[in-house]
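Participant: Before I ask anything, let me first share the structure, which is written out below as C-alpha cells.
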Amino acid sequence: MHEGFPVLLGSGLLVLLLFAFGYAGAKVKIPGVILYILLGIALGRFIGENELLHTASEIGIVLLFFLLGMEFPADRLVGIAKKVWKAGVLDVILNLLITAAICYVFGLDLLSAFLIGGIVYATSSSITAKLLESSRRMANRESEFMLALLIFEDLVAPVFVAILLGMTSGEDMGVLQFSILVGKIVLLAAGAIFIGRFVFRRLGTFIERINDEDTFVLLTVGIALAYGGLAIYLGLSEVLGAFLAGMMLSETKRSDDIEQNVLPIRDLLLPLFFLNFGTTITFGGGIPMAGLLTMILIWSIIAKVAVGILGGRWYGLGKRGAFRAGLSLVSRGEFSVVLAGLAMGSMKVFAGIYILAAAFIGILFFQLAPRLTKAVYGEQKKEHRKVKVPG
C-alpha cells in the first residue's frame with residue numbers, strides 16, 4: 001500500500017474487491033481462484049511486497065491443508081491407497097516425472113524441471129469438487145474414482161513440496177542431504193501419528209468439555225500454525241506440517257466441530273493467498289519459453305486424460321466413465337500455486353500463465369466431458385449410485 005494510506009482502509013477495500021470478484025465468478029461459473037490471481041496481477045504494482053498480506057495468505061494456505069488433513073486419519077489413508085494406488089502412481093509418472101523430463105530435455109536445470117513437473121502434477125481439488133457439485137455429476141460412478149485420485153494427490157503433494165523446498169534451499173542436494181531431508185519428513189509424520197494416537201485420542205474427553213467456541217478455535221488454529229511452523233523450522237514446508245496437524249486432531253473425533261470453527265477463517269484468508277500469488281507475477285518481454293509452455297500444456301492435458309482412462313479402468317470403471325473422468329481432471333489450481341510460489345522471475349510468469357490456461361481449459365473439458373463421451377461411445381443408460389469415498 002502507498003505510504004500514508006490507512007492499512008485498515010486498504011484491507012477493507014481489498015476484501016470487498018475479493019468479494020466482488022468471487023461473487024461475479026459464482027454467477028458466471030468461473031472458480032474464484034482464477035479471478036483472485038487475475039486481480040492480484042492487476043493490483044501488483046499498487047500493492048507491491050506487503051508483509052501483512054503475505055502473512056495472512058500463508059495462514060490461509062496452512063488452514064486449507066490443515067482441514068484437508070482432518071479428513072484423513074491414518075487408517076483411512078491406508079484404505080484409500082489400497083484402492084487407487086495404481087492410478088496414483090501412473091499420475092506421478094506421467095504428470096510429474098515425464099513433465100520434468102520434457103523440461104530437462106528443453107534445457108532447464110534439474111530443479112526447475114522438477115518445479116514445473118510439480119506444478120503440472122496435481123488436479124485442482126477445489127475446482128473439480130465445485131464443478132462436480134454444480135453440474136450434479138457427484139452421483140455418477142466415476143466421481144468416486146476422481147475424488148479418490150484427488151485425495152492421493154493431496155497426500156503426495158505436501159511431501160513433494162517439502163522435498164522441493166529442501167532442494168531450493170541453496171545447498172547441494174547430495175545423497176546425505178537428501179537422506180536427512182527424508183528423515184525429517186519421516187520424523188515429522190511419525191511425531192504427528194504418535195501425538196494423535198497417544199495424546200489427542202486420550203484427551204478426547206477433555207476436548208469435548210471445551211464448549212466455548214472462542215477458546216476452541218484458539219486451540220485448533222494454534223496447533224495448525226505451530227506444527228506448520230515446526231515444519232518450516234526443520235527446513236520443510238508449512239503445507240506438510242499443517243496437513244499432519246490435521247491428521248493429529250482427527251483423532252479427537254471432533255472433526256465436524258473443528259471444521260465449523262476454522263472454516264470461516266480459512267475462507268477469509270485463502271483468497272488472499274491466490275491474490276498474493278498474483279501480485280508476484282509481473283509480465284515483461286512477452287511469454288517466457290512459449291514453445292515449452294505450449295508443449296507442457298498439451299502434454300498435461302493428454303497425461304491427465306490418460307490417467308483417467310487407464311486408472312479408471314483399473315479402479316473398475318467402464319470405458320465411458322473412465323473417459324469422462326479423464327476429461328474432468330485437467331484443471332490445475334491451489335497446489336500448483338503453492339509450488340509456483342517457489343519460482344522466481346520468468347519461471348514464475350511461466351507458471352502463472354500455465355496455471356491460468358490449465359484452469360480455464362480444464363473447466364471447458366469438464367463441461368464438455370458428457371458430450372464428448374457420448375460422441376465417442378454413443379448413448380448409454382444412466383447409472384447412478386451414492387458416492388462414498390473409499391476408506
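The values are calculated or read from the model by the stated rules, or taken from the named source; none is laboratory data. Keep in mind that what you see is a predicted model, and the values were worked out from it rather than measured. Cβ placement follows ideal geometry from the backbone for every residue including glycine, while neighbour counts extend to all protein chains displayed. Ligands, DNA and RNA are stripped out before the accessible areas are found, and what is left, the full protein with its side chains, is counted by its heavy atoms. Shrake-Rupley method; radii C 1.70, N 1.55, O 1.52, S 1.80 Å.
Participant: Is there any pair linking a residue in region 101-127 that is under 18 Å from residue 298 (Cβ atoms) and open to solvent by 10 Å² or more (accessible area, probe 1.4 Å) to one that is at pLDDT 90 or above and of a type in the set (A, V, I, L, M), with Cβ under 6 Å and at least six apart or on different chains, and which?
Facilitator: Short answer, once both residue conditions are applied: 104/113; 106/292.
Participant: Mind checking which residues of region 22-38 are part of a helix (DSSP H, G or I) and either charged (D, E, K, R) or within 15 Å of residue 126 (Cβ to Cβ) (or both)?
Facilitator: The first filter runs over region 22-38 and keeps only residues part of a helix (DSSP H, G or I), leaving 22-28, 32-38.
Scanning region 22-38 gives 22, 25, 26, 27, 32, 33, 34, 35, 36, 37.
Participant: Within region 304-316, work out how many residues are surrounded by fewer than 24 Cβ atoms within 10 Å (Cβ to Cβ) and more than 20 Å from residue 367 (Cβ to Cβ).
Facilitator: Quick first cut of region 304-316, residues surrounded by fewer than 24 Cβ atoms within 10 Å (Cβ to Cβ) only: 305-306, 309-310, 313-316.
So of that shortlist, the ones also more than 20 Å from residue 367 (Cβ to Cβ) come out as 306, 310, 313-316.
Of the residues in that region, 6 qualify.
Participant: Would you say residue 274 is under 20 Å from residue 65 (Cβ atoms) and either under 19 Å from the mean Cα position of the chain (by Cα) or in a helix (DSSP H, G or I) (or both)? Outline the logic, then answer.
Facilitator: On the way: under 20 Å from residue 65 (Cβ atoms): yes; either under 19 Å from the mean Cα position of the chain (by Cα) or in a helix (DSSP H, G or I) (or both): yes.
It is true that residue 274 is under 20 Å from residue 65 (Cβ atoms) and either under 19 Å from the mean Cα position of the chain (by Cα) or in a helix (DSSP H, G or I) (or both).
Participant: Of (1) open to solvent by 30 Å² or more (accessible area, probe 1.4 Å); (2) more than 15 Å from the chain's Cα centre (by Cα), residue 68 satisfies all except one. Which?
Facilitator: (2) is the only condition that residue 68 fails.
Participant: With the requirement that a residue be open to solvent by 10 Å² or more (accessible area, probe 1.4 Å), part of a helix (DSSP H, G or I) and farther than 17 Å from residue 326 by Cα, what does region 71-96 give you?
Facilitator: 74, 75, 76, 77, 78, 79, 81, 82, 83
Participant: Please state which one of 342, 372, 327 is crowded, with 16+ Cβ neighbours inside 10 Å, aliphatic (A, V, I, L, M) and farther than 19 Å from residue 31 by Cβ. I'd like the intermediate steps shown before the answer.
Facilitator: Numbers: 372 fails: crowded, with 16+ Cβ neighbours inside 10 Å; 327 fails: farther than 19 Å from residue 31 by Cβ.
The match here is 342.
Participant: I need a count of the residues in region 326-364 that are part of a loop (DSSP other than H, G, I, E, B) and among the charged types (D, E, K, R). I'd like the intermediate steps shown before the answer.
Facilitator: Step one: of region 326-364, the residues part of a loop (DSSP other than H, G, I, E, B) are 328-333, 341-344.
Filter once more, so that each one left must be among the charged types (D, E, K, R): 332.
Selection size over region 326-364: 1.
Participant: Kindly list, by first and then second residue, each pair from a residue in region 336-361 that is under 24 Å from residue 240 (Cα atoms) to a residue that is open to solvent by 40 Å² or more (accessible area, probe 1.4 Å), limited to pairs with Cβ atoms under 6 Å and residues at least 6 apart or on different chains.
Facilitator: Here the result reads 342/168, each pair linking region 336-361 to a residue that is open to solvent by 40 Å² or more (accessible area, probe 1.4 Å).
Participant: While we're on this one: Residues that are closer than 26 Å to residue 331 by Cα, in contact with a Pro (Cβ under 6 Å, 6 or more places away or on another chain), at pLDDT 85 or above and among the aromatic types (Phe, Trp, Tyr): does region 60-73 have at least one? Even if it seems obvious, please write down each step before you answer.
Facilitator: From region 60-73, those closer than 26 Å to residue 331 by Cα are 60-72; that's our starting set.
From what's left, in contact with a Pro (Cβ under 6 Å, 6 or more places away or on another chain): none.
Scanning region 60-73 turns up no residue that is closer than 26 Å to residue 331 by Cα, in contact with a Pro (Cβ under 6 Å, 6 or more places away or on another chain), at pLDDT 85 or above and among the aromatic types (Phe, Trp, Tyr).
Participant: For region 13-30, what are the residues that are buried (at least 16 other Cβ atoms within 10 Å of the Cβ) and either in contact (Cβ under 8 Å) with a residue 60 or more places away in the chain or in contact with a Pro (Cβ under 6 Å, 6 or more places away or on another chain) (or both)? I'd like the intermediate steps shown before the answer.
Facilitator: So in region 13-30, the residues buried (at least 16 other Cβ atoms within 10 Å of the Cβ) come out as 14, 17-18, 21-22, 25, 30.
14, 18, 22, 30, listed by residue number.
Participant: If I filter region 234-256 for residues that are in a helix (DSSP H, G or I), open to solvent by 50 Å² or more (accessible area, probe 1.4 Å) and at pLDDT below 85, do I get at least one hit? Please lay out each step first, then the result.
Facilitator: Taking region 234-256 first, the residues in a helix (DSSP H, G or I) are 238-250, 255-256.
With the extra rule that they be open to solvent by 50 Å² or more (accessible area, probe 1.4 Å), the set shrinks to 256.
Still in the running and at pLDDT below 85: 256.
Checked against the condition, which is being in a helix (DSSP H, G or I), open to solvent by 50 Å² or more (accessible area, probe 1.4 Å) and at pLDDT below 85, region 234-256 yields at least one hit.
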